[in-house]
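The values are calculated or read from the model by the stated rules, or taken from the named source; none is laboratory data. This is a predicted model, so every value here is computed, not measured. Virtual Cβ from ideal backbone geometry, glycine too; neighbours counted across all protein chains shown.
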Amino acid sequence: MGRIRVAKSGGTIDDNPKDLVLDSNNTHLMIYDEQTLNSSATSYTHNLGYYPLVFAYFQDGSNWHPDNSFVAAYSRVYQDTNNVYIENNTGSNVKLFICGNAVDNASGSGKNTAIGKIKIAKSGFDADTETDIRRFQFCSGLDLVKRDSALSGTVTLTSDSGLFYEGETFITHDLGYVPMASVIDYAGFTGLGGELPLNFADGLNSYYFYMTSTRMYFGVSIFSKDPVIDTYTFKYQIYRNKIA
Amino acid sequence: MAKFRILRSNETDIESTDIWRFVAHEGYPTQKVAEQGQATVTITSGNTVGFVDIPHGLGYQPQCRVSVLNRSGYVERLCGAIEWVDGADFGYYTYGTDGTNLTISVGYYVGSAPADEDYTFYYIILHES
């Protein structure tokens, strides 16, 4: 089986797949639908008939928070096979990115969702006849999640020593728009590699992040009977996909 | 330097510096799936925690997208940890990664499993650190 790879500028096609622009050996996350909904929206119907991977960001003034963030009052989304349900506690907009990929990236059929003139089918499927995103590695008509390696990195912050010991810091991206982003708990208190926001101990402890059009903020709020100053390291990725 | 660019539909400027206008652009790696699947985590009767290790073999701590079929029957994407409430019981769903495994856990803060409880999770492990 042939393989199509596109290296990033300055890289080579033998780079790790994570650093390639395109690689036909791997399924790409493909954004099927983007929606900005106001605060009155309690659901959105996508009619895909399966559970798609969904990313949600909630607006609060100039700040945009990922779902389940305690600094956005735990605004969240959840879904059945045809609808995304929204609990918006910020009183402002929510931006949804609905991927054509199923939550487990399983192959499926029956949908006419594959769009674009360049299509690469998954192994065992025929790009000429398949029509469902779930049977493709890549479809040129569907937006991809594009990482800005230069703007991404790690950040360390130190909490204070109150009863709720808290800390917040920021980096400047200066993109002029609010970018999609993700953060993992990289080192420090847990360092377990989970995705932020992290909420545990009955909401008493939270790690969080949010974005504006110029900055990305990172914070912790930890309850402790024995206050200690602690250090947290988060690894963040900024994507060139526009939230607002 | 060679260029590789695909514009989003309704976009026309192939030289645009607004990268969000592109499906793909030679300057920006994209998110790709390394591993995927469905996993069942069991909390056995009388216990408070269950977990499963899913090997990925990437050699680095990857980003993952993990979702749970929650106790209300809906699918919800997990951030690193979210909490659930069910009557007087409450607990958490969480996951973490290292260079070898994705570990998915579910547990009770208050209460315990009255009988064996199975929880369904869906996971996508990305080629992204």
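Exactly one residue out of A:K119, A:K95 is of a type in the set (K, R), closer than 23 Å to B:L126 by Cβ and free of Cβ contacts under 8 Å to residues at least 40 places away in the same chain: that is A:K119. When you check A:N101 against the structure, is it in a loop (DSSP other than H, G, I, E, B) and either within 19 Å of B:Y122 (Cβ to Cβ) or at pLDDT below 95 (or both), yes or no? So A:N101 does not fit the description; no. What is the residue count in the range B:26-62 for residues that are surrounded by 21 or more Cβ atoms within 10 Å (Cβ to Cβ), in contact with a helix residue (DSSP H, G or I) (Cβ under 9 Å, 6 or more places away or on another chain) and within 22 Å of A:L192 (Cα to Cα)? Qualifying residue count for the region: 4. Do you know which of the residues in the range A:87-103 that are within 12 Å of chain B (Cβ to nearest Cβ) and of a type in the set (A, V, I, L, M) is farthest from A:N63 (Cα to Cα)? Selected residue: A:A102.
Residue-wise test of (1) at the interface with chain B (Cβ under 10 Å from one of its Cβ atoms); (2) within 18 Å of B:R77 (Cα to Cα).
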| residue | (1), (2) |
| --- | --- |
| A:K8 | yes, no |
| A:I13 | no, no |
| A:D19 | yes, no |
| A:N38 | no, no |
| A:N47 | no, no |
| A:A56 | yes, yes |
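Inclusion of A:E168 among residues that are in contact with a strand residue (DSSP E or B) (Cβ under 6 Å, 6 or more places away or on another chain), in contact (Cβ under 8 Å) with a residue 24 or more places away in the chain and surrounded by fewer than 19 Cβ atoms within 10 Å (Cβ to Cβ) is warranted. Quick check on the range B:78-129: of everything there that is without any contact (Cβ under 8 Å) to a residue 60 or more places away in the chain and among the charged types (D, E, K, R), which residue is nearest to A:P66 (Cα to Cα)? The qualifying residue nearest to A:P66 (Cα to Cα) is B:E83.
Selection of strands (runs of 3 or more DSSP E) fully inside the range A:1-65 by the criterion of at least 3 residues being in contact with a His (Cβ under 7 Å, 6 or more places away or on another chain) and buried (at least 20 other Cβ atoms within 10 Å of the Cβ) returns A:52-60. Only one of the numbered conditions (1) buried (at least 16 other Cβ atoms within 10 Å of the Cβ); (2) within 30 Å of A:Y217 (Cα to Cα) is not met by A:T156, and that is (1). Please enumerate the residues belonging to the range B:10-23 that are part of a loop (DSSP other than H, G, I, E, B), of a type outside the set (A, V, I, L, M, F, W, C) and at pLDDT 95 or above. Matches in the range B:10-23: B:E11, B:T12, B:D13, B:E15, B:S16, B:T17, B:D18. Tell me whether the range A:104-116 contains one or more residues that are touching a Cys at 6+ places or on another chain (Cβ under 9 Å), part of a loop (DSSP other than H, G, I, E, B) and hydrophobic (A, V, I, L, M, F, W, C). Checked against the condition, which is being touching a Cys at 6+ places or on another chain (Cβ under 9 Å), part of a loop (DSSP other than H, G, I, E, B) and hydrophobic (A, V, I, L, M, F, W, C), the range A:104-116 yields at least one hit.
Could we say that A:L151 is in contact (Cβ under 8 Å) with a residue 40 or more places away in the chain, in contact with a Phe, Trp or Tyr (Cβ under 7 Å, 6 or more places away or on another chain), closer than 27 Å to B:C79 by Cβ and of a type in the set (A, V, I, L, M, F, W, C) here? Considered against the rule, which asks whether it is in contact (Cβ under 8 Å) with a residue 40 or more places away in the chain, in contact with a Phe, Trp or Tyr (Cβ under 7 Å, 6 or more places away or on another chain), closer than 27 Å to B:C79 by Cβ and of a type in the set (A, V, I, L, M, F, W, C), A:L151 comes out as no. Being modelled with pLDDT of 95 or more, charged (D, E, K, R) and over 15 Å from the mean Cα position of the chain (by Cα) is a property that holds for A:D60. Hey, does the range A:104-114 have a residue that's more than 14 Å from chain B (Cβ to nearest Cβ), over 22 Å from the mean Cα position of the chain (by Cα) and among the basic types (K, R)? The answer is yes, given that some residue of the range A:104-114 is more than 14 Å from chain B (Cβ to nearest Cβ), over 22 Å from the mean Cα position of the chain (by Cα) and among the basic types (K, R). Whenever a residue of the range B:24-40 is more than 7 Å from chain A (Cβ to nearest Cβ) and part of a strand (DSSP E or B), its partners that are charged (D, E, K, R) and surrounded by fewer than 18 Cβ atoms within 10 Å (Cβ to Cβ), lying with C-beta atoms within less than 8 angstrom and at least six residues away or across chains, give the pairs B:T40/B:D118.
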